[in-house]
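S.K.: Below you'll find the structure I mean.
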Amino acid sequence: MGGTTNDTDYIKHFILVHGACHGAWCWYKIKPLLESSGHKVTVLDLAASGTNLKRIEDVETQYQYSVPLLEVLESLPTNERVVLVGHSLGGLNIALAMEKFPTKVQVGVFLTAFVPDTDHKPSYVLEKDLELIKCMIRPSSLFIEDLSQEKNFSKEGYGSVPHAFVVCTQDLAIPLEYQRWMIQNARINDVMEINGADHMVMLCKPQELSDCLQQIAAKYK
């Protein structure tokens, strides 16, 4: 009775970015949950992923791998800002997007994801966990050599965008101890935790993840 909530403050545009060897399909439980709460949701296939027709052998750099995401952000109206969510290796894709389009991102949410900092090369968090990653995904899609030659992410670009991290306590692919190390290394203060969630949290705990993402997004305008 005291007036209506400003829809522009409440309604968010979530862009959900999958991890290695996955695709837009992995968000099929989360997308309708967020949309049922009134939010706009964009899912996409990165290069050589999901239904994207490129072959991984033809994708030589992290930038080329991220082009579908960068094209979405570039196409947004100048006054629209989004909530970027990156899962697993997708953390590096959203970091690149945050670096290039910092004014278009309200918050970058690292969902049990690799999260770089501004003090080291983008490959740093991968190299620290390389043996584990080799067992988890195709080495050909890591782009470590490319990332090791890239400049550090800047404080003016990537570093200027608020960061949040969602911890999954039962993740065997990116163990809890390593998640916590990355949080400390990147100096992230906005941290939420989903107890009992494994690496594919969007499939095993979709409602909890939907609630978590909305709580994070509500903090940023």
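S.K.: Amide H to amide H under 5 Å from THR42: which residues, 5+ apart in sequence or cross-chain, H placed 1.01 Å off N in plane?
M.R.: Distant-sequence amide H within range of THR42: PHE14, ILE15, LEU16.
S.K.: A 31 angstrom limit on the alpha carbon distance is what I want to check against. Which of LYS54/LYS104; LYS155/LYS221; LYS100/LYS221; LYS121/LYS205; LYS40/LYS128; LYS12/LYS155 exceed it?
M.R.: Distance filter (> 31 Å) returns LYS121/LYS205; LYS40/LYS128.
S.K.: For TRP27, TRP181, what's the fewest-to-most ordering of other Cβ within 10 Å of each Cβ? Intermediate results must be reported in sequence, preceding the final value.
M.R.: Numbers: TRP27 26, TRP181 14.
Ascending number of Cβ neighbours within 10 Å: TRP181, TRP27.
S.K.: Moving to a separate point now. Let me see the pair-distance distribution of segment 1-130: every alpha carbon pair, 5 Å bin width, integer percents in order.
M.R.: In whole percents, the pair-distance histogram is 2, 10, 19, 23, 20, 13, 7, 4, 2, 1, 1, 0.
S.K.: While we're on this one: When the chain is treated as a GNM, springs tying every alpha-carbon pair under 10 Å, which of PRO102, PRO32, PRO77 comes out with the largest mean-square fluctuation?
M.R.: PRO77
S.K.: Another one. Ignoring everything except DSSP H segments at least 4 long, calculate the 222 nm mean residue ellipticity for the chain; use -39,500 (n - 2.57) per segment, divide by total residues, nearest 500.
M.R.: Computed mean residue ellipticity for the chain: -9500 deg cm²/dmol.
S.K.: Here's something else I'd like to know. With an 8 Å Cα cut-off and a minimum separation of 6 or more residues, compute the relative contact order for segment 11-218 in percent.
M.R.: Details: 404 pairs, mean separation 42.8, N = 208.
It comes to 21 percent, rounded to a whole number.
S.K.: Now, a different point. If the label point is 7 Å along Cα→Cβ of THR51, which residues in segment 81-96 have backbone nitrogen under 19 Å from it?
M.R.: From segment 81-96, the list is empty.
S.K.: Distance from the Cα centre of segment 101-131 to that of segment 38-100, in angstrom?
M.R.: 14
S.K.: Another question, then. Express the relative contact order of segment 159-221 as a whole percentage, based on alpha carbon pairs under 8 Å and six or more residues apart in sequence.
M.R.: Answer for segment 159-221 is 36 percent.
S.K.: Starting from a Cα-only point model with no solvent, please compute log10 I(q)/I(0) by Debye for segment 11-218 at q = 0.12 1/Å.
M.R.: At q = 0.12 Å⁻¹ the computed log10 ratios are -0.54.
Every number here is computed from the coordinates shown, using simple stated rules; none is lab data. Treat the numbers as computed from the prediction; the structure is a model and nothing was measured. Every residue, glycine among them, receives a Cβ derived from its backbone with ideal geometry; neighbour counts consider all protein chains shown.
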